[in-house]
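Peer 1: Sharing a structure with you now.
The values are calculated or read from the model by the stated rules, or taken from the named source; none is laboratory data. Computed from a prediction, not measured in an experiment: that's the story for all the values here. Every residue, glycine as well, gets a Cβ built from its backbone with ideal geometry; the counts of neighbours run over all protein chains shown. Side chains are part of the model used for accessible areas, which takes the heavy atoms of the whole protein and leaves out ligands, DNA and RNA. Shrake-Rupley method; radii C 1.70, N 1.55, O 1.52, S 1.80 Å.
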Amino acid sequence: MLLQLHNIFKWVNSGGQRIFLLKDINFEVREGEFISIMGPSGSGKSTLLNVIGMLDGFDEGEYQFLDEPVHSIKEKHRANLYKEYIGFVFQSYHLLDELTVKENLEMPLLYKKYKGAERKAMVADMLDRFNIVGKKDLFPAQLSGGQQQLVGIARALISNPKLILADEPTGNLNSKQGEEIMQLFKQLNDEGVTIIQVTHSEKNAAYGSRIINLLDGRMI
Amino acid sequence: MLKNYLKIAWRNLTKHKAYTIINVGGLALGMAVALIIGLWMQDELTHNDYFSNKDTIAQIFQSQTFNGETGTGPAIPRPLEKAFRDGYMDNFEHLVMASWNNSQYLKYKETSISRTGNFMQREAPEMLDLNIIKGEKDGLREINSIMLSASTANALFGNEEPIGKVIKVNSQYDMMVTAIYEDIPFNASFNDMHYLMPWDKYLTTAEWLKNAEDQWGNNSFQMFVQIADNTTMERVTSVIKDVKKDLNEDTAQFNPQLMLLPMDDWHLRNFFENGKQVGGRIKYVWLFGIIGVFVLLLACINFMNLSTARSEKRAKEVGIRKSIGSQRGQLINQFLGESFLVVLFAFLIAVLIVVISLGGFNELARKEIDFPWTLPSFWSISILFIIATALLAGSYPALYLSSFRPVDVLKGTFKAGKHSGLPRKILVVLQFTVSVAFIIGTVIVMQQINHAKNRPIGYDREGLVQIPVMSQDFTGKYELMRNEFIASGAVVEMSSSSSPTTNIWSNRSGWTWEGKPEGFQEDLAYTEVSPEYAKSLNLKIVAGRDFSREFPSDSNAVLLNETAVKYMGLKDPVGKLLKDEDTENPSEPLKIIGVVQDMIAQSPYEPVKQGMYTFDKYGNASFYNLRLNPKQSAGQNLAVIERVFKEHFPNIPFQYDFVDEEYGEKFAAEERIGRLSGIFTALAILISCLGLFGLTSFVAEQRTKEIGVRKVLGATVFNVWNMLSKDFLKLVIISCFIAVPIAYYVMNGWLQEYPYRVILKWWIFALAMLGALFVTVVTVSFQAIRAAKANPVKSLRTE
Ligand SMILES: Nc1ncnc2c1ncn2[C@@H]1O[C@H](COP(=O)(O)OP(=O)(O)OP(=O)(O)O)[C@@H](O)[C@H]1O
Ligand SMILES: [Mg+2]
């Protein structure tokens, strides 16, 4: 089992009131699954994905990642998981403004201590695959929103993660580009990569093997 | 990875150029100030390190009490030598009698130069451990021998071999060069000792020197000692302190107390109050040390403020790096490394600034400081300092930011303002407190100098020139020279005097007068003058009359100054007699013929001393005072004077001083302090403003989006300016209220040292506060208005 969530609750206290962001979330993900999370805006999709990715905490319940309770995973181990196992695609891209496209792509490889030549080859491959070779020396601010999103996806995929957590990866792309990304995800999934994506599009959701629907932080 | 870090660091620096210039430049400036002050302090504190026996050498000082006023100085009487040699030599390794430092004409073949130096006893070169370049260390053995500094020998002999050559001194006596010693460096005592001649020779040059052998009251000599191995300065002082008092009854009434002043204290701790050592220049060493520390602190505060402010912008980077797999330790290293690099860079610039400005500083501070390229302690302190600053400035972003959960920083819920704002505000307040205090301090120092400068001096120092005539060649030539100079048309009046116009070289006691209080121990400044003294100086006669050539009896006449009349309690002084106290063998009584206005001869910060001017019967002139012809330029006058001088004294170099320049020298120390503190204040303010500028631009940038939205919603430029400036102005006002009492306390204490001082006025403080506020408004507005005027579409797009 890759991950198991049991009775997960998450809340914030605001003006003496407890506002629930996630309510009684229960599900399991096996390796090799392709899951889509859907729901209206504000329903807690991003929040759930952050909890799954251990970027955010929760207030109640149990969450086991690779059969280890998340709260007992040490910071160092978690950093290693991010480095070796998980790739994030953020809703708002989160590229490093001071680095060029090429350098942004290279960064995860640096943490994984690849050799220079290897890095070059892998970056070139990604640029090629996402059709952004011409943009490789530009800074994020010089790209359109969609191009930034592509770079964000490429950066998540470059280190060959076993689990991809993608928050609306195609939100800023046209339908053709979106479809290409979905095809790519499908292909990776076939190769054994587990994918959890948030999406508003029924069509994209259909690529997945399972859909989790959220409403007001609750699974329906 | 390192390359990636460096790239990020470099791009961060180059992308925000203004910020980088402010941050690196400000820190470099602060470091440069601290470095220069550090070098200056080092120079002051190692004064006399040149002498290998520094720790055991001392000068004998004497305190005497006149009318309850105790004065302390290095002048001692000749019989003391015999007393010491007869009974106290087990305390001393060496004992050396010495003359005052005086200038002599040295002539070899056609070369004639004037150099300062001393007559000393034979052991002097040994005691001072002079570095002999040529000849023998025991070079004062023969009475006709002379030792020269290397530069003097070079000026006299050029490439010729100097040893064994005979030079003419003061065109009077022949002396043979026995040794050449290395010039004593600038930051050591005796650095103006360019010749050394035997003490015994000195005693042959004037009758009074010989006569002084058993005169306990004639304090006209110096004595240096090196104490024995097995004793301490304190112990020797306690042994010798009453020697003079015990041996001589006549002077015992003044309670003469002897003490050793260790060589270590000569330069920095040579002030006395009531016979006690009370510090001295050391005060300024610490004062400037504190200034240096503060300026550096200001720069560091800036650096920390701006670095941390900046780093909050980089919270997102932390989040991204963490989600990609960076460990916390890696992030800490990255931030600390960046900070270290920037500090190192700033340090290099600081060194460059110091190297460039050291020449100017040396001139200003009257120093000869070299950059200590090869001093290991300098480099180790610098490295420590670089590391400490880098840690201080870098530890906040390194530790604080790296501790955040990625989601907080990525979602933007991480709020920069709340926790980090307060320390930053405190730092700004601290910065401006220091700056405002500096402004006040500098203004008061300048005011005090001007106050003393504007003090009426009593005579007309413009167009007055003095020529030193302390050589036998001039004996008996006064009348001749006076007539010649006046006839030449360059001089309208001339007089002679036994002291320079700008100093008092001699004091006398031992008079009685009608109505003198019982037991009154008078102490009067004593100057022997030619009849036209008052006339040549334009010194006003306030009662009675001036000396006159028409009254032969004036050779026994005396003029008193106004202070002396009050001091002696004379109701109607003119016509009264001053009689010698010594009734057995009295000198002729002096008749008071007039009272002259007080003139400042010594410190312009102190009251004028009671003084008497007697008729120079025996030709004791040390100076000719020449009133230049005001109808011609000074240059023309001097050319003529030099020509006349050379006609009569072809062998003596023509030397002269403008009295107003000599007088100006009295302000040199304070003016140096004023100028230096002015410069450091300007730098402190500059650094503080740089910091403020950086912070405002940071805040403006942080709130770009907010400003954009507000403007779209209708805010005016003034609204935005107000929003951005208000906070900073508040902080500066708080600083003012902290700085004013501190500055008042410190400066009031400083002024207490000057009996003639400026009164502290409230407007100085108000002005400093207004100045600080003005500077703040200008600095902040510059950024605020720019931000407020920016096109809202542009600022909104940056998100
Ligand atoms: N720190 C917080 N404090 C208060 N409320 C929060 C906080 N974080 C998230 N929320 C609320 O939780 C809800 C879920 O937010 P989340 O970002 O998960 O929505 P989402 O489903 O991803 O929406 P979208 O499709 O628009 O991205 C929102 O209503 C949001 O206002
Ligand atoms: Mg979302």
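Peer 1: Rg/Rh for the stretch B:57-266 to two decimals, with Rh computed the Kirkwood way over all alpha-carbon pairs. Walk me through the numbers on the way to the answer.
Peer 2: Numbers: Rg = 18.1 Å, Rh = 18.1 Å.
The Rg/Rh ratio comes out at 1.00.
Peer 1: GNM on chain A, C-alpha springs below 10 Å: top fluctuator among A:ASN13, A:ASN131, A:ASN204?
Peer 2: Maximum fluctuation in the GNM of chain A, among the listed residues, is at A:ASN13.
Peer 1: Something else now. Please give the Cα centre distance for the stretch A:1-77 versus the stretch B:629-694, rounded to the nearest Å.
Peer 2: Each part's Cα centre sits 81 Å from the other's.
Peer 1: Next question, about the same structure. Is the shape of the stretch B:641-799 rounded, prolate or oblate, going by the alpha carbon gyration tensor and its root eigenvalues a ≥ b ≥ c, with a/c under 1.5 for rounded and a/b larger than b/c for prolate?
Peer 2: Values: a/c = 5.03, a/b = 2.49, b/c = 2.02.
Prolate, since a/c reaches 1.5 and a/b exceeds b/c.
Peer 1: Can you give me the C-alpha center-to-center distance between the stretch B:5-84 and the stretch A:122-166, rounded to a whole angstrom?
Peer 2: 60
Peer 1: While we're on this one: Please work out the C-alpha center-to-center distance from the stretch B:156-171 to the stretch B:517-544 and express it in whole Å.
Peer 2: Spelled out, the Cα-based centre of one part sits 43 Å from the other.
Peer 1: If you don't mind, there's one more thing I want to ask. What would the Debye formula give as log10 I(q)/I(0) at q = 0.21 Å⁻¹ for the alpha-carbon point model of the stretch A:119-169, no solvent?
Peer 2: Here log10 of I(q) over I(0) equals -0.77.
Peer 1: To two decimal places, what compactness ratio does the stretch B:178-312 give when its Cα radius of gyration is scaled by 2.2 N^0.38 Å?
Peer 2: On the way: Rg = 24.2 Å, N = 135, 2.2 N^0.38 = 14.2 Å.
Against the compact-globule rule of thumb, the ratio is 1.71.
Peer 1: Can you give me the solvent accessible area of B:PHE551 with a 1.4 Å probe, rounded to the nearest 10 Å²?
Peer 2: The value for B:PHE551 is about 100 Å².
Peer 1: Report the Cα-based extents of the stretch B:472-651 along its three principal axes, largest first, to the nearest Å.
Peer 2: 55, 37, 28
Peer 1: Separate question: If you take the square roots of the eigenvalues of the alpha-carbon gyration tensor of the stretch B:319-454 and sort them as a ≥ b ≥ c, do you get rounded (a/c under 1.5), prolate (a/b over b/c) or oblate?
Peer 2: Working: a/c = 4.44, a/b = 1.72, b/c = 2.57.
Taking the square roots of the gyration eigenvalues as a ≥ b ≥ c, the stretch B:319-454 is oblate.
Peer 1: Sticking with this structure for a sec: Let me check something: with ligands and nucleic acids excluded, how do B:HIS648, A:HIS77 order by accessible area (1.4 Å probe), largest to smallest? Write out the running numbers ahead of the final one.
Peer 2: On the way: B:HIS648 50, A:HIS77 75 Å².
Accessible-area ranking of B:HIS648, A:HIS77, largest first: A:HIS77, B:HIS648.
Peer 1: Right, next: Would you mind telling me which residue in A:LEU49, A:LEU22, A:LEU96 has the biggest mean-square fluctuation in a Gaussian network model of chain A, where springs connect alpha carbons within a distance under 10 angstrom?
Peer 2: A:LEU96
Peer 1: While we're here: List the aspartates and glutamates whose alpha-carbon lies under 17 Å from that of A:LYS113, not counting same-chain residues fewer than 8 positions away?
Peer 2: A:GLU84, A:GLU103
Peer 1: Tell me which of A:GLN4, A:PRO69, A:LEU81 sits at the most positive position along the dipole axis of the stretch A:1-122, charges placed on C-beta atoms (Lys, Arg +1; Asp, Glu -1).
Peer 2: So the residue we want is A:LEU81.
Peer 1: Averaging over all projection directions, find the projected area of the Cα convex hull of the protein assembly as shown and quote it in nm² with one decimal place.
Peer 2: Values: hull surface 229.5 nm².
With the hull built on Cα positions only, its mean projection is 57.4 nm².
Peer 1: Further question on the same structure: Heads up, I need the accessible area for B:HIS267: 1.4 angstrom probe, whole protein in place, Å², nearest 10.
Peer 2: Looks like 40 Å² after rounding.
Peer 1: Can you give me the accessible area per residue for the protein assembly as shown, using a 1.4 Å probe, in Å²?
Peer 2: Values: 46130 Å² over 1019 residues.
Ligands and nucleic acids excluded, the figure is 45 Å² per residue.
Peer 1: From the phi angles alone, apply the Karplus equation (6.51, -1.76, 1.60; θ = phi - 60°) to the stretch B:66-72 and give each ³J(HN,Hα) in whole Hz, x where the residue is Gly or Pro.
Peer 2: 10, 6, x, 9, 9, x, 10
Peer 1: In nm², what is the average projected area of the convex hull enclosing the Cα atoms of the stretch B:38-150?
Peer 2: Values: hull surface 46.0 nm².
Taking the Cα atoms of the stretch B:38-150, their convex hull projects to 11.5 nm² on average.
Peer 1: Let me ask you something else. Heavy atoms only, 1.4 Å probe, whole protein assembly: order B:ARG321, B:ARG424 by accessible area, highest first.
Peer 2: Working: B:ARG321 0, B:ARG424 35 Å².
Correct descending sequence by accessible area is B:ARG424, B:ARG321.
Peer 1: Another question, if that's okay. Using only helices, what value at 222 nm comes out for chain B when you add -39,500 (n - 2.57) per DSSP H run of length 4 or more and divide by the total residues, to the nearest 500 deg cm²/dmol?
Peer 2: Values: 27 runs with 395 residues, N = 799.
After summing the helix terms and dividing by the residues of chain B, the value is -16000 deg cm²/dmol.
Peer 1: Still on this structure, I have one more. Helix-derived [θ] at 222 nm for chain A: sum -39500 (n - 2.57) over DSSP H runs of at least 4, divide by residue count, nearest 500?
Peer 2: Calculated from helices alone, the mean residue ellipticity at 222 nm is -10500 deg cm²/dmol.
Peer 1: Express the Stokes-Einstein translational diffusion coefficient of the stretch B:126-189 in µm² s⁻¹, to the nearest whole number, given a Kirkwood radius over alpha-carbon pairs, 10 °C and a viscosity of 1.306 mPa s. Walk me through the numbers before you get to the answer.
Peer 2: On the way: Rh = 12.2 Å.
Answer, rounded: 130 µm²/s.
Peer 1: Counting pairwise Cα distances across the stretch A:3-219, what percent come out greater than 28 angstrom? Each step should come with its number before you reach the end.
Peer 2: On the way: 7006 of 23436 pairs.
The proportion of pairs with Cα distances above 28 Å equals 30 percent.
Peer 1: Next question, about the same structure. Using modelled backbone amide H atoms (1.01 Å from N, in-plane), which distant-in-sequence or interchain residues come within less than 5 Å of B:PHE92's amide H?
Peer 2: B:ALA228
Peer 1: Next question. In a GNM of chain A with a 10 Å cut-off on Cα contacts, which of A:GLY178, A:GLY208, A:GLY116 has the highest mean-square fluctuation?
Peer 2: Between A:GLY178, A:GLY208, A:GLY116, it is A:GLY116 that shows the largest mean-square fluctuation.
Peer 1: Probe radius 1.4 Å, ligands and nucleic acids ignored: give me the carbon and sulfur share of the accessible area of the protein assembly as shown as a rounded percent.
Peer 2: On the way: 25380 of 46130 Å².
On the protein assembly as shown, the fraction of accessible area on carbon and sulfur atoms equals 55 percent.
Peer 1: Show me the ranking of peptides A:185-196, B:205-216 by mean Cβ neighbours inside 10 Å, starting with the highest.
Peer 2: Values: A:185-196: 17.0, B:205-216: 13.9.
The packing order, highest mean first, is A:185-196, B:205-216.
Peer 1: Okay, moving on. Pairs A:LYS112/A:LYS135; A:LYS120/B:LYS17; A:LYS83/A:LYS135; B:LYS134/B:LYS165: which exceed 19 Å Cα-Cα?
Peer 2: Numbers: A:LYS112/A:LYS135 24 Å; A:LYS120/B:LYS17 31 Å; A:LYS83/A:LYS135 25 Å; B:LYS134/B:LYS165 13 Å.
Beyond 19 Å: A:LYS112/A:LYS135; A:LYS120/B:LYS17; A:LYS83/A:LYS135.
Peer 1: Over all directions, how big on average is the projection of the convex hull of the alpha-carbon atoms in the stretch B:289-359, in square nanometres?
Peer 2: Values: hull surface 24.1 nm².
Over every viewing direction, the Cα hull of the stretch B:289-359 projects on average to 6.0 nm².
Peer 1: What is the spin-label model distance, in nm, from A:TRP11 to B:SER633 if the labels are put 7 Å beyond Cα along the C-beta direction?
Peer 2: For the pair A:TRP11/B:SER633, the computed spacing is 9.6 nm.
Peer 1: A follow-up question, please. What is the mean number of Cβ atoms from other protein chains located within 10 Å of the Cβ atom of each residue in peptide A:74-82, rounded to a whole number? Provide the component values of the computation, followed by the final result.
Peer 2: Details: counts 0, 5, 3, 0, 3, 11, 2, 1, 8.
Partner Cβ neighbours, averaged per residue: 4.
Peer 1: From Cα pairs below 8 angstrom and at least 6 apart in sequence, can you work out the relative contact order of chain B, rounded to a whole percent?
Peer 2: On the way: 1318 pairs, mean separation 120.1, N = 799.
15 percent.
Peer 1: A follow-up question, please. Under the Kirkwood approximation for Rh and a Cα-based Rg, what ratio Rg/Rh is obtained for the stretch A:48-97?
Peer 2: Numbers: Rg = 12.0 Å, Rh = 12.1 Å.
A ratio of 0.99.
Peer 1: Next question, about the same structure. Order of B:540-546, B:398-404 by packing, highest average Cβ count within 10 Å first? Could you put the intermediate results ahead of the total?
Peer 2: On the way: B:540-546: 15.6, B:398-404: 17.6.
Highest-to-lowest ranking by the protection proxy: B:398-404, B:540-546.
Peer 1: Could you give the alpha-carbon Rg of the stretch B:579-643 over 2.2 N^0.38 Å, rounded to two decimals?
Peer 2: On the way: Rg = 18.2 Å, N = 65, 2.2 N^0.38 = 10.7 Å.
Rg over 2.2 N^0.38 Å, computed on Cα atoms: 1.70.
Peer 1: Heavy atoms only, 1.4 Å probe, whole protein assembly: order B:ARG710, B:ARG455 by accessible area, highest first.
Peer 2: B:ARG710, B:ARG455
Peer 1: Provide the solvent-accessible area of B:SER530, counting protein heavy atoms only and rolling a 1.4 Å probe, rounded to the nearest 10 Å².
Peer 2: Its heavy atoms expose roughly 10 Å² to the probe.
Peer 1: Taking each pair of different alpha-carbon atoms in chain B once, compute 1/r for the pair, average those values, and report the inverse of that mean as the Kirkwood hydrodynamic radius in Å to one decimal. Let's see the in-between values first.
Peer 2: Values: mean 1/r = 0.0316 Å⁻¹.
So the Kirkwood estimate lands at 31.6 Å.
Peer 1: Now a separate question. Roughly what percent of Cα-Cα pairs across the stretch B:688-742 reach past 13 Å? Could you put the intermediate results ahead of the total?
Peer 2: Details: 989 of 1485 pairs.
In whole percent, the share of Cα-Cα pairs in the stretch B:688-742 beyond 13 Å is 67.
Peer 1: What does the C-alpha gyration tensor say about the overall shape of the stretch B:602-710? Classify as rounded when a/c is under 1.5, otherwise prolate if a/b is larger than b/c, or oblate. Provide the component values of the computation, followed by the final result.
Peer 2: Working: a/c = 5.24, a/b = 2.97, b/c = 1.76.
Here the stretch B:602-710 falls in the prolate category.
Peer 1: For a quick protection proxy, order the peptides B:255-266, B:459-470 by their average other-Cβ count within 10 Å, most packed first.
Peer 2: On the way: B:255-266: 20.7, B:459-470: 18.8.
Top of the packing list down: B:255-266, B:459-470.
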